[in-house]
């Protein structure tokens with residue numbers, strides 16, 4: 001997740017001796033992050049479940065989720 005597109009390009013060139021465009025490196029990074037962490041939409045959909053679990057473990061917890 002810490003790799004920048006330029007660093008991805010450098011690693012691809014040194015390890016596999018191929019040139020990758022900045023946009024391809026950026027897109028590959030974005031897709032890898034989505035695979036590991038899921039999409040923003042998926043995270044938002046599970047937010048209520050997460051907060052319900054927090055509230056059940058920590059009685060007295062109050063939360064309100066509002067959409068913008």
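Which one is surrounded by the most Cβ atoms within 10 Å (Cβ to Cβ) among residues in the range 49-68 that are within 28 Å of residue 30 (Cβ to Cβ) and at pLDDT 90 or above?
51
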Pairs please, first residue from the range 8-24 and surrounded by fewer than 10 Cβ atoms within 10 Å (Cβ to Cβ), second anywhere and at pLDDT 95 or above, Cβ atoms under 6 Å, 6+ apart in sequence or on different chains. 18/12
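The values are calculated or read from the model by the stated rules, or taken from the named source; none is laboratory data. These numbers come from a predicted model, not from an experiment. All Cβ positions, even for glycine, are placed from backbone atoms using ideal geometry, and neighbour counts span all protein chains on display.
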